[in-house]
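The values are calculated or read from the model by the stated rules, or taken from the named source; none is laboratory data. Because the structure is a prediction, the values reported are computed rather than measured. Please note: Cβ atoms are built from the backbone with ideal geometry, for glycine as well, and neighbour counts cover all protein chains shown.
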Amino acid sequence: MYIWIIFIAVAIASFAIQASLNSKFKKYSKIPVGLTGREVAYKMLQANGITDVKVISTPGQLTDHYNPTNKTVNLSEGVYNSANVAAAAVAAHECGHAVQHAHAYAPLKMRSSLVPVVNFASKWMQWLLLAGIIFVESFPYLLLAGIILFATTTLFSFITLPVEIDASRRALAWLSNAGITNYSTQGPARDALKTAAYTYVIAALGSLASLIYYIMIFTGRRN
Ligand SMILES: [Zn+2]
């Protein structure tokens, strides 16, 4: 079945991108810039007229994110305290989300409104899909319910793509305009964020492949 070839391809691509992301971040963490991640973040927020967003340090690696509910840019310790291209790119990217939030960027609004639905779906879909596959002959609507919940998470992973790409676009434009990066460091910053974006693309494709697989089980049942 073709679907298995797609699953294997997605798994290999996902592994390769993750490895590439780790090695690129390691490499670009050695290229210094003038400001730490924290300083880059505050400067970019200020440049965009955003004064009500806090920049805080969060434990772990690659845990960087923007939290719209309490308006905080959360930077991992390595990004928060370090003055290198990788840290600057990540900090600016997270501020890109804060700028999207401030400008009511439509895909971000759509993504945020899906969060409670996705939280509900994530809680129940595994059980519904499992039970649904076991009882597909006798009670197919269990699987259908699981598929509907799973589809919301697939939709969410696709809506994430424009949100992520736009945040990186805003970050790179600002880094260059503000003089944080120059002709030799802009390329690495772009490369780091582009590789990070690929992880979201492959996650979305993986989710779509799984969705198709469940639909195939549902439509392939004996009637
Ligand atoms: Zn992001």
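Looking at the stretch 161-168, is at least one residue surrounded by 15 or more Cβ atoms within 10 Å (Cβ to Cβ), at pLDDT below 95 and either in contact with a Leu (Cβ under 8 Å, 6 or more places away or on another chain) or outside any helix (DSSP H, G or I) (or both)?
Checked the stretch 161-168: no residue is surrounded by 15 or more Cβ atoms within 10 Å (Cβ to Cβ), at pLDDT below 95 and either in contact with a Leu (Cβ under 8 Å, 6 or more places away or on another chain) or outside any helix (DSSP H, G or I) (or both).
Taking into account only those residues within the stretch 99-121 that are of a type in the set (Gly, Ala, Ser) and either touching a residue at least 12 places away in the same chain (Cβ under 8 Å) or part of a helix (DSSP H, G or I) (or both), which is farthest from Ala192 (Cα to Cα)?
Ala121
Contact list please: Cβ distance under 6 Å, first residue in the stretch 76-98 and among the β-branched types (Val, Ile, Thr), second residue not in a helix (DSSP H, G or I), pairs at least six apart or on different chains.
Between residues of the stretch 76-98 that are among the β-branched types (Val, Ile, Thr) and residues that are not in a helix (DSSP H, G or I), the close pairs are Val79/Asp64; Val85/Ile31; Val85/Val33; Val85/Thr185; Val90/Asp64.
How many residues are out of contact with any strand residue (DSSP E or B) (no Cβ under 6 Å at 6 or more places or on another chain) and more than 18 Å from Ser157 (Cα to Cα) if we restrict to the stretch 96-115? So that I can check it myself, show each step before the final result.
From the stretch 96-115, those out of contact with any strand residue (DSSP E or B) (no Cβ under 6 Å at 6 or more places or on another chain) are 96, 99-115; that's our starting set.
In the following step, the residues that additionally are more than 18 Å from Ser157 (Cα to Cα) were identified as 96, 99, 101-104.
Number satisfying all stated conditions: 6.
Pick out the one residue from Ala104, Ala88, Ala92 that is out of contact with any Gly (no Cβ under 8 Å at 6 or more places or on another chain), within 16 Å of the ligand (Cβ to nearest atom) and within 23 Å of Ala173 (Cβ to Cβ).
Ala92
Go through the residues of the stretch 135-150 one by one and say whether even a single one is part of a helix (DSSP H, G or I), in contact (Cβ under 8 Å) with a residue 40 or more places away in the chain and within 20 Å of the chain's Cα centre (by Cα).
Scanning the stretch 135-150, I find at least one residue that is part of a helix (DSSP H, G or I), in contact (Cβ under 8 Å) with a residue 40 or more places away in the chain and within 20 Å of the chain's Cα centre (by Cα), so the answer is yes.
Return the residues of the stretch 127-176 that are among the hydroxyl-bearing types (Ser, Thr, Tyr) and touching a Gly at 6+ places or on another chain (Cβ under 7 Å); say none if nothing qualifies.
If the condition is that a residue be among the hydroxyl-bearing types (Ser, Thr, Tyr) and touching a Gly at 6+ places or on another chain (Cβ under 7 Å), then Ser168 is the only one that fits.
Looking at (1) in contact with a Ser or Thr (Cβ under 9 Å, 6 or more places away or on another chain); (2) surrounded by 19 or more Cβ atoms within 10 Å (Cβ to Cβ); (3) under 24 Å from Leu21 (Cβ atoms), find the lone condition where Thr63 falls short.
Going through (1) in contact with a Ser or Thr (Cβ under 9 Å, 6 or more places away or on another chain); (2) surrounded by 19 or more Cβ atoms within 10 Å (Cβ to Cβ); (3) under 24 Å from Leu21 (Cβ atoms) one by one, Thr63 breaks only (2).
May I ask you to verify whether Lys109 is within 16 Å of the ligand (Cβ to nearest atom) and farther than 30 Å from Ala11 by Cβ?
Working: within 16 Å of the ligand (Cβ to nearest atom): yes; farther than 30 Å from Ala11 by Cβ: yes.
Yes; evaluated as a whole, the condition is true for this residue.
Return yes or no: is Tyr141 of a type in the set (Phe, Trp, Tyr) and closer than 30 Å to Leu172 by Cα?
Considered against the rule, which asks whether it is of a type in the set (Phe, Trp, Tyr) and closer than 30 Å to Leu172 by Cα, Tyr141 comes out as no.
State which residue is nearest to the chain's Cα centre (by Cα) when the search covers only the stretch 62-85 and only residues that are away from the ligand (no atom under 15 Å from the Cβ) and of a type in the set (Gly, Ala, Ser).
Per the stated criteria, the residue is Gly78.
Please state which one of Ala173, Ala197 is part of a helix (DSSP H, G or I), within 19 Å of the chain's Cα centre (by Cα) and within 16 Å of the ligand (Cβ to nearest atom). Lay out the reasoning, then the answer.
Values: Ala173 fails: within 19 Å of the chain's Cα centre (by Cα).
Of the residues listed, the single one that is part of a helix (DSSP H, G or I), within 19 Å of the chain's Cα centre (by Cα) and within 16 Å of the ligand (Cβ to nearest atom) is Ala197.
Residue by residue through the stretch 15-61, note down the ones that are assigned to a loop (DSSP other than H, G, I, E, B) and either of a type in the set (Gly, Ala, Ser) or without any contact (Cβ under 8 Å) to a residue 24 or more places away in the chain (or both). Spell out how you get there, then give the answer.
Kept after step one, since they are assigned to a loop (DSSP other than H, G, I, E, B), are these residues of the stretch 15-61: 29-31, 33-36, 48-53, 59-61.
Answer for the stretch 15-61, where residues must be assigned to a loop (DSSP other than H, G, I, E, B) and either of a type in the set (Gly, Ala, Ser) or without any contact (Cβ under 8 Å) to a residue 24 or more places away in the chain (or both): Ser29, Gly34, Gly49, Thr51, Asp52, Pro59, Gly60, Gln61.
Considering each residue of the stretch 176-194, count those that are away from the ligand (no atom under 16 Å from the Cβ), part of a helix (DSSP H, G or I) and free of Cβ contacts under 8 Å to residues at least 40 places away in the same chain, and give that number.
4
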